[in-house]
Every structure is written in C-alpha cells, then in structure tokens.
Amino acid sequence: MIQRKLREVEIMVGGTGLEEIYKSILIKGVSTDSRKILPGQLFIPIKGERFNGHKFIHKAMENGAVASLWNRSEPLPEVDFPLILVEDTVDALQKLAREYRMQLKTKVVGITGSNGKTSTKDILAGILNTKYKTAKTFGNLNNYLGVPLTLLELEEDTEMAVVEMGISEVGEMRLLTSIAKPDIAIITNIGEAHLTTLRTKENIYKTKLEIVEGLKEDGLLIYLGDDQVLRDKIHQLNLKQTLISFGELEGSSYRPILESMTDEGLRFRLEGITTVESYFLPLLGKHQMLNAAAAIGVADYLKIPTYLIREGLKKMNITGMRNELIHTSKLTILNDAYKSNPSSLRAAIETLYGLTGYKQKIAVLGDMEGIGDDEINYHKEIGGEIKPDQVDYLFTIGPLSSHIAKEAKNNFSKNRVISSKNKQELISQVKEVLKDEAIILVKASRGLELEEVVDSLLKEG
C-alpha cells in the first residue's frame, strides 16, 4: 500500500493548508470508509448525493486515521488534526492514485468488457502469480473510486497488477485508463450491459475502446476477435501497440476448442500462434474458455512457460457468486447471483444445459437490470429460447423477469414455469418441487440480492 509522508501527499494531490508540524507524518494506506479505516491510514471523505463522509471525521480519528483530505467547500472541523485542503476529494483520490502508479515499476494489466472481466482477472492473476509478485482488484472495486483504491493498495515491490475497469458512463474509461496507465489491455467482449446509461451499443464500443488512450505505446491490446465490429474498430485506430485476438472463429491468434466439460471444469485445446496446447480450467461454462484464452494470450506474450500456466489455472482464487458450483448432500447450486445481462444469462443457461448426472434441473432467474429501453424484449427473447427438454422447472422473480416466464410458458408444459411475487414465496415454491440430486441455477442482477435464496436453499440441502 502507499506509504508517503504528508508533505509528499500534499504535492501529489495538489492540495494546500497542511501545517508544517504535520508534514513528516507517514501515511500507510488510504480509506474512504471511516468505519473500516485502519491505524496509520489517510482518510479520504467522499461527498455524494445521499451522504457526506466529512461528517465522520471523528469516527475516522477514533479508528486510527493519521490525517485527512478535506473539501475546501466544507466547514473546517474543530479538531487538532492534519488536514490537506483540496477542491474535490474524489478528484484528489484519483490524482493520488495516478501519481503513485507513475512512481511504481509495476506492470498493470487493465481489463474491460461487458462480461467476463472478473473471471478473466482471476484466471490471469492466478497464472501471473506463478512467476511474479501479483496483485488484483479485490471483489468488484472497478469504478472511478475502486480503480484508484486498488492502485493505492499496491505494495511498492508488486511486479504485476491485474486491474478490472468497469464503466457505466461515456468518458468514464478515459478517466480510468489515465489513472491506471496499463501496459497491457484486455477487452473481453462487447454486450448489452449499461445500456440504460450508455444508450446504444455504439456508445459501448466507443467507451470500452477508450482504454487504449492510456495504454503504453509499447504495450499490448488483446481483444475478442469473434466480434467483427470490435475487430474493425480496433484496426481503424491504426494503433502502434501489439494486437492479439482470441476467439472461437478462424483467424484469431488464440482459438480455444472444447474437449470435455464436467462439474470439475473444462478441458480445452488452445490453438496459438505457434503451437497447440491443452489445458484444464476449474471453472464452469464454455464461455470461460474465452476468458482463459485471453489470460493465456497475455501469459504467452510475457513468455510464461506452459507448465506454469497450467499450475496457475489450478491455483487461482475465484471471486464469489459467479458460476460458483456449491454441493450439498441433497442438491447442487450454480450460484451466479452477482449480475445478469443477456449475454451472461445465455452463457449461464448453456452451462446448466451442459452439466450432467443430475436428476432434476431448475432455473431461478431474476431481472436483468440496466440493459436499456429494450429491456422487456431482451427478457422475452431469453424466455422464448429456454429449452424445455433441458430444464425441468423455471422460476422467475421481478417485474421484468415475468416476461421471461410469459414467453417460456409457450414452450413448457403446464405448471413448469412459475413467477414468484417475492423471495420467500420463491423459496417455498422451489422447495415444493425440489428433488434430491437436483441442480439449481440462480441468476439475476445485483439489485435482487438472490444470494438470500441461495443461502436458504443451502440450508435445505
């Protein structure tokens, strides 16, 4: 984590007002949460529409903060405490992270895309960790606050940092890439996520491609070659950086070919630029081959040998609630309750189809949020696509997912598609039909918090 004297911090953020007696104080890390701040950290209070972190300066002090940034527009607190005055604490946090990143020798891999960012991050970090001291984005800290906080957590001797970069507004990626300055950039795919704010898929392409604006001139861009629009737009940029593609279609630099799939994971062959290698990936879903291909492409570029890549795939740590298979004595849950959009939902359903050896298959689907004006049609399309010979029961929850149920009923026999009013009703209805040795897919956008359903069903199991 960042360790700098306050006089250095003041310069890095462009602040003023720090009294001379405090300038030699050393900070050890930063925090924006007064409840979780650790002794020695710099407190960075954030002001939002519904909260104001400046009101919690005393709590931060009690928990061990040694200093604080402070918006000039906020009344000064009546405390004897080191303060650095800035125009805006969010901007100051970003400046601090940008300056710190520039002082590090760490190589940064920036990952963006509509789906697969987190899995690709986990796979790549697992591989890189076999050769380098590696850090990665914790959880889902991938936005205008999360990326700076991730960078500021890096130890000075970190050799590789895998940084997830998520956006929801046009221009946001331009900010993130200017802070992270990636040596390597990955675009996993372009889908329908964040259409509510980005409006059009053209804007999604435009915003994701902004990642190259901060990419080092001698860096690498690796992208999904199966997306012809993405491929064309990248080549129109006439980039100086090295370009590598991955995908299932002919012509990609790295082309994964499925060999087998079980509850334990996938075995696939990877046709590369110079060789054909076989790998085992302990993740579920055919789509994970593409995430692995992107990660292995980076590893190959960095000349990490095949035996270390295989070792890294075995030892990677996976972020929870994403295609997470949980076994109990009576049932198995495919927990994918963290987010949902048309692309990721189709991939999850395909994963459910491909898992064998279960006496019953149940899909529990909630609303896909943030997918724009065509949200109803997207839900209807999914409902019409679900195969009744592959799923025994389909449960939905949420007003948008009722359209999944309505379309699915046209294909399913009576009483096999059920729309639930709330989570308690959903849990009861699932339990009524549940058999031993069943597998249940649980998938929805974050706002529905379907991990509560997962927890309840696990107790049943």
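The values are calculated or read from the model by the stated rules, or taken from the named source; none is laboratory data. Worth saying up front: this structure is predicted, and the values here are computed from it rather than measured. Backbone-built Cβ (ideal geometry, glycine too); neighbour counts: all protein chains shown.
Close contacts from region 262-282, counting a first residue that is more than 25 Å from Leu325 (Cβ to Cβ) and a second that is outside any strand (DSSP E or B) and at pLDDT 80 or above, with Cβ to Cβ under 6 Å and a gap of 6+ residues or different chains, come to Ile273/Ser253; Glu277/Thr306.
Quick one: which residue in Ser413, Ser401 is modelled with pLDDT of 90 or more and out of contact with any helix residue (DSSP H, G or I) (no Cβ under 9 Å at 6 or more places or on another chain)?
Numbers: Ser401 fails: out of contact with any helix residue (DSSP H, G or I) (no Cβ under 9 Å at 6 or more places or on another chain).
Only one candidate passes the filter, namely Ser413.
Out of region 61-86, which residues are touching a Ser or Thr at 6+ places or on another chain (Cβ under 9 Å), touching a residue at least 40 places away in the same chain (Cβ under 8 Å) and part of a loop (DSSP other than H, G, I, E, B)? Passing the criteria: only Pro82.
For (1) closer than 26 Å to Lys133 by Cα; (2) basic (Lys, Arg); (3) surrounded by 15 or more Cβ atoms within 10 Å (Cβ to Cβ), each residue gets a yes or a no:
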position	(1), (2), (3)
Phe268	no, no, yes
Val298	yes, no, yes
Ile309	yes, no, yes
Lys315	yes, yes, no
Ile326	no, no, yes
Lys330	no, yes, no
Asn335	no, no, yes
Asn341	no, no, yes
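The set of residues from region 127-141 being surrounded by fewer than 23 Cβ atoms within 10 Å (Cβ to Cβ) and either part of a loop (DSSP other than H, G, I, E, B) or of a type in the set (Gly, Ala, Ser) (or both) comprises Asn129, Thr130, Lys131, Tyr132, Lys133, Ala135, Phe138, Gly139, Asn140, Leu141. When the test is whether a residue is farther than 18 Å from Ser344 by Cβ, surrounded by fewer than 20 Cβ atoms within 10 Å (Cβ to Cβ), in the same structural domain as Ala299 (by TED's automatic domain parsing) and among the polar types (S, T, N, Q), Ser278 passes it. Might you check whether a residue that is assigned to a helix (DSSP H, G or I), under 28 Å from the mean Cα position of the chain (by Cα) and in contact (Cβ under 8 Å) with a residue 24 or more places away in the chain occurs anywhere in region 325-341? No, region 325-341 contains no residue that is assigned to a helix (DSSP H, G or I), under 28 Å from the mean Cα position of the chain (by Cα) and in contact (Cβ under 8 Å) with a residue 24 or more places away in the chain. When Lys303, Lys286 are screened for being within 30 Å of Leu457 (Cβ to Cβ), part of a loop (DSSP other than H, G, I, E, B) and among the charged types (D, E, K, R), only Lys286 passes.
Leu352 - would you say it is assigned to a helix (DSSP H, G or I), more than 21 Å from the chain's Cα centre (by Cα) and crowded, with 22+ Cβ neighbours inside 10 Å?
Working: assigned to a helix (DSSP H, G or I): yes; more than 21 Å from the chain's Cα centre (by Cα): yes; crowded, with 22+ Cβ neighbours inside 10 Å: yes.
Yes: the conditions hold for Leu352.
Name the single residue that is farthest from Leu458 (Cα to Cα) among those in region 306-323 being out of contact with any Phe, Trp or Tyr (no Cβ under 9 Å at 6 or more places or on another chain) and of a type in the set (D, E, K, R).
Initially, region 306-323 is screened for residues out of contact with any Phe, Trp or Tyr (no Cβ under 9 Å at 6 or more places or on another chain), giving 307-308, 311-312, 315-318, 323.
Cutting the leftovers down to of a type in the set (D, E, K, R) gives us 311, 315.
Working: Glu311: 31, Lys315: 26 Å.
Only one residue fits best here, namely Glu311.
Specify which of the listed residues (Gly64, Gly113, Gly48, Gly126) is touching a Leu at 6+ places or on another chain (Cβ under 7 Å) and over 17 Å from Leu154 (Cα atoms). Talk me through it step by step, then tell me what you get.
Numbers: Gly113 fails: touching a Leu at 6+ places or on another chain (Cβ under 7 Å); Gly48 fails: touching a Leu at 6+ places or on another chain (Cβ under 7 Å); Gly126 fails: over 17 Å from Leu154 (Cα atoms).
When all the criteria are applied, what remains is Gly64.
Listed by first and then second residue, the pairs with beta-carbon distance under 6 Å, at least 6 apart or on different chains, first residue in region 154-171 and free of Cβ contacts under 8 Å to residues at least 40 places away in the same chain and outside the structural domain of Val30 (by TED's automatic domain parsing), second surrounded by fewer than 24 Cβ atoms within 10 Å (Cβ to Cβ) and not hydrophobic (A, V, I, L, M, F, W, C), are Glu169/Thr197; Val170/Asn203; Val170/Thr207.
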